[in-house]
Amino acid sequence: MAEQDDATRTALEAAVYRRLVAHLRERSDVQNIDLMNLAGFCRNCLSNWYREAAKAEGIAIDKDASREIVYGMPYDQWRAQYQREATDEQRAAFAQNKPDH
């Protein structure tokens, strides 16, 4: 692999992040609990990581704002439109695999 300067690496990482967020917005049928059970993170995790990165740079972003960045709409609106009640199987898998973050 060719060497990359920091600016190029950062630009590529940012493009990947934007594509991931766009993909998750398109796949509103995939529930957060499914993401947590399979991958150990969900949309809320992404929004928390975004907020933590902003804080590290001295930028204050509250939880609602960071969630809207990831969800593409206010979180309560997304929940009302797309979130379904978790099944017993999903809850059991979450209880067994819940990440520490």
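Coordinate-derived values only; no laboratory data. Just so we're clear, the structure is a prediction, and the values are computed from it rather than from any experiment. Positions of Cβ are backbone-derived with ideal geometry, glycine not excepted, and every protein chain shown enters the neighbour counts.
Observations
- Across the range 47-101, the mean sequence separation of Cα contacts (distance under 8 Å, 6 or more residues apart), normalised by length, yields a relative contact order of 23 percent.
- Among residues other than Val70 with Cβ under 12 Å from its Cβ, the summed charge is +4 (Lys and Arg +1, Asp and Glu -1).
- Inter-probe distance in nm under a simple model that places probes 7 Å from Cα toward Cβ, at Ala92 and Arg27: 2.5
- Alpha-carbon Debye profile of the chain, log10 I(q)/I(0) at 0.10, 0.12, 0.24, 0.25 Å⁻¹: -0.34, -0.48, -1.34, -1.38
- Placing R0 at 41 angstrom, the Cβ-Cβ distance between Asp5 and Glu85 gives a FRET efficiency of 0.30 after rounding to 0.05.
- Multiplying the residue separation of Ile69 and Asp34 by 0.36 nm and subtracting their alpha-carbon distance yields 10.5 nm.
- Residues of the chain were split at every exposed loop site, defined as GluC sites (Glu not before Pro) in a DSSP loop with at most 16 other C-beta atoms within 10 angstrom, and the longest piece left, sites excluded, is 4-56.
- Per-residue ellipticity at 222 nm computed for the chain from its helices equals -21500 deg cm²/dmol, with DSSP H segments shorter than 4 residues left out and the rest contributing -39,500 (n - 2.57).
- Within the range 16-82, trypsin sites (Lys or Arg not before Pro) in DSSP loop having at most 15 other beta-carbon neighbours inside 10 Å: Arg27
- Neighbour net charge for Thr87 - beta-carbon separation under 15 angstrom, K R +1, D E -1: -3
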